[in-house]
Every structure is written in C-alpha cells, then in structure tokens.
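Report on one structure; see the data block that follows.
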Amino acid sequence: MTKIRYSIVAPIFNEIENIPELYRRVCKVMEALDEPWELVLVDDGSTDGSTEAIRALAVQDRRVRPVIFARNFGHQIAITAGWDYARGDAVIIIDADLQDPPEVIPELIARWKEGYQVVYAVRTEREGETWFKKFTAALFYRIIFRITDVKIPVDTGDFRLMDRRVVDVLKTMRERHRFPRGMSAWVGFRQIGVPYRRAARYAGVTKYPFRKMLRLALNAITSFSYFPLQLATYFGFISAALAILAIPIVAIMRLMGSHFFEGQATTLIAVLFLGGVQLISLGVLGEYVGRIYDEAKGRPLYIVSEAPQD
Ligand code: UDP
Ligand code: MG
C-alpha cells in the first residue's frame, strides 16, 4: 500500500448539503498536488442522512475514510477521532461547512515543507457571521490569551496542518474536556500562522449555539488555567484587607458619635454580597471538581459504530 502523505480530517454533524461540495473541492485541490492523500470524514452522530452520504462516498472512492460515531460526542471529540484514524505524514483539520476554504491547504502545505510542524490558519476576516458571534469570538480569544500560560494564537480556529510527530504527541493526550487548538499550541514544536479569509457557510446553519460556545470557552479556560480558582484567593485577600481597614475607621467614627454605619440594610448588603461571591467561587470550584470526576471515570472518549476497514 502506498504511504499516505496528507490526511484531511473533517468533523461532520448534520452537514448533508455540504458533503458533496466539500468532497469536490478537496479532490480538486488535492489532486493538483499529485501526492497520496485521504479524506477522513468523522460523522459525529448526524441524523440528517450525512452518515449514509459518507458511507456512499467511501464505497465510491477509497480515499475517503469513514469514522462513524455511535452518537453525538461534540466537535472537539470528532477532531480527536480524526487524529486517531489519520495516517498521513501531515494532518489537516478542516470544517465541513466550507468556512475554511480547501484552497488554503496548499499554502499550509508549503509552510510545512519549509519545516514548520504546526501551521495554523489565522482568520483575518469572517464573512456571513452575526456581529454577536464575531464579538463573542474576538472577546473569547483575547481572554484566553490573557489568562492562560500557553500562548494560544488569537483568531485561530481548528483549521490547521500538523506534522505526524505533533499528531502522535496529541494522541497521547487523552483528556476528556478538550480544546484542540490549545492543545496543539501547548505541544510546542515549530509553529507558524497563515492568514486567510473565513468564508460564510456554504449551506445549512451553525451547529454551535451559544450554549455550546460557552461550554467550549469553559473547557478552554479550565484546561489551560487556574485563574478562576486564583480569583477567589485574590478576592478573599481584598475583602479581608478592606475589613481590617474598615474596623478601626468604623470604631473611631462611633466614638466620635457618627451614626453612618448603622442599620440592617448595611449588614444585609454585606452578607448578600459576600454570600454571592462565596457561591460563585464554589461554582468555579465545582467546574474543576466535575472535570476531575469525569477524568476519574476513565470512560472512552468516543464510541465508534463503524470504523474504516483497513
Ligand atoms: N460539528 C461536529 N459536532 C458538533 C458540532 C459541530 O462535528 O457537535 C462540526 C460541524 O459539522 C462543522 C464543524 O464542526 O464541520 C464546525 O461547526 P460549525 O460550522 O457549526 O461551527 P461555527 O463555524 O458556526 O463556529
Ligand atoms: Mg462553521
């Protein structure tokens, strides 16, 4: 069997209208390169017939490798399965909705051939997305950049090329709540960005409602930072310092006959405020503890109902 040079990995969750176009454009771009390649299509529990479409493609073209999940496990997990099943010397992750144009792949490959091991695509523009999505995304990347120790490049998604050595390292990282673009920054190696214009969706609607975006953001933060936990410590020090300062001031004011700090309302506000802060801190702690619990269970990351034959 010929050695596979490039693996294109696309996670798919209900993208029936996009699959033929994705296949057509990937073929067009990759055939021009004249090196062996494969297209790993990870079906993340689709219910719209995408599964059948992927199977049909795989029958018709042996370069298509179908990985079919037993249910929806989420975008990040689908990418992970892509890493696991890809056989190429370079692995390229791409969205199935054609927001990441396959025509950019040769540029990523060119950088790889120069010796870079991670070539991530940087979004200079985003077309056809709501201002809310653009705003929350921009804010998200900047917060992550500020509070995490790994410098995850801003405005990059999962669209990137990774060398076999990088993928082999990533495959050993089996954490459950994962943020693949952070993980691929964390491993190090020689990394570089390539700018591109993020297109509008070819067809269909986004599979990332606000709820999922929030979960991804939480995973990103908890996977790469203790900052939320430290926040409770900082806050504790600040309130303790305030109390120590306030005690003599209030005592002196009382001795001088002032009635400024009297009454239940003041007490109530202080109690509610601190109670709120404590509950929030408890919730933050819960986010981390819950993740530890999930890790402790040690369940498989995903369940495949159909794996590629070879
Ligand atoms: N996706 C997936 N599982 C999910 C949600 C999304 O595999 O639970 C895939 C989806 O089919 C697409 C990619 O992840 O190929 C990115 O999703 P989407 O385009 O909906 O996200 P957006 O571009 O709007 O952030
Ligand atoms: Mg998209």
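The values are calculated or read from the model by the stated rules, or taken from the named source; none is laboratory data. Everything quoted here is computed from the prediction, not taken from an experiment. A quick note on method: Cβ atoms are made from the backbone with ideal geometry, for glycine too, and the neighbour counts reach across all protein chains shown. Calculation scope for accessible area: heavy atoms of the full protein, side chains included, ligands and nucleic acids excluded. Shrake-Rupley method; radii C 1.70, N 1.55, O 1.52, S 1.80 Å.
Couple of notes before you dig in:
- Residues located in the range 121-146, provided they are in contact (Cβ under 8 Å) with a residue 60 or more places away in the chain and under 14 Å from Ala185 (Cβ atoms): Ala121, Val122, Ile144
Each row is one residue, and each column tells you yes or no for (1) β-branched (Val, Ile, Thr); (2) over 29 Å from Gly283 (Cα atoms); (3) open to solvent by less than 30 Å² (accessible area, probe 1.4 Å).
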{"residue": "Val166", "(1), (2), (3)": "yes, yes, yes"}
{"residue": "Arg174", "(1), (2), (3)": "no, no, no"}
{"residue": "Pro195", "(1), (2), (3)": "no, yes, no"}
{"residue": "Ala200", "(1), (2), (3)": "no, yes, no"}
{"residue": "Asn219", "(1), (2), (3)": "no, no, yes"}
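- Set Leu33, Leu41: member being outside any helix (DSSP H, G or I) and away from ligand 1 (no atom under 13 Å from the Cβ): Leu33
- In a residue-by-residue description of the range 91-105, the property of being in a helix (DSSP H, G or I) and within 16 Å of ligand 2 (Cβ to nearest atom) applies to at least one position.
- Restricting the range 201-222 to residues that are among the polar types (S, T, N, Q) and at pLDDT 85 or above, the residue that is farthest from ligand 2 (Cβ to nearest atom): Thr222
- Cross-chain or 6+ apart pairs with Cβ under 6 Å, the range 184-209 first and closer than 22 Å to Pro153 by Cα, then assigned to a strand (DSSP E or B) and near ligand 1 (Cβ under 10 Å from one of its atoms): Arg198/Arg126
- If you go through the range 58-88 and keep only what is closer than 16 Å to Cys27 by Cα, surrounded by 19 or more Cβ atoms within 10 Å (Cβ to Cβ) and of a type in the set (Val, Ile, Thr), you end up with just Val64.
- Single unsatisfied condition, Thr233 versus (1) surrounded by 13 or more Cβ atoms within 10 Å (Cβ to Cβ); (2) modelled with pLDDT of 85 or more: (1)
- In the set Ala90, Ala78, only one residue is away from ligand 1 (no atom under 15 Å from the Cβ), under 30 Å from Ser223 (Cα atoms) and within 25 Å of the chain's Cα centre (by Cα); that residue is Ala90.
- The residue of the range 93-116 that is farthest from ligand 1 (Cβ to nearest atom), among those that are in contact with a helix residue (DSSP H, G or I) (Cβ under 7 Å, 6 or more places away or on another chain) and open to solvent by 30 Å² or more (accessible area, probe 1.4 Å), is Pro106.
- Qualifying residue in the range 29-40 (condition: more than 15 Å from Leu98 (Cβ to Cβ), open to solvent by less than 10 Å² (accessible area, probe 1.4 Å), in contact (Cβ under 8 Å) with a residue 12 or more places away in the chain and not hydrophobic (A, V, I, L, M, F, W, C)): yes
- Residue satisfying all of: in the range 125-154; within 15 Å of ligand 1 (Cβ to nearest atom) and among the acidic types (Asp, Glu); least open to solvent (accessible area, probe 1.4 Å) among these: Glu129
- The criterion of being more than 14 Å from ligand 2 (Cβ to nearest atom), closer than 24 Å to Asn14 by Cα, under 21 Å from the mean Cα position of the chain (by Cα) and acidic (Asp, Glu) holds for Asp84.
- Matching residues, the range 109-130, being away from ligand 2 (no atom under 14 Å from the Cβ), farther than 16 Å from Asp155 by Cβ and out of contact with any Asp or Glu (no Cβ under 7 Å at 6 or more places or on another chain): Ile109, Ala110, Arg111, Lys113, Glu114, Gly115, Tyr116
- Beta carbons closer than 6 Å, at least 6 apart along the sequence or on distinct chains, pair a first residue in the range 71-100 that is of a type in the set (S, T, N, Q) and at pLDDT below 95 with a second that is in a helix (DSSP H, G or I) and open to solvent by less than 10 Å² (accessible area, probe 1.4 Å) for Gln76/Pro180.
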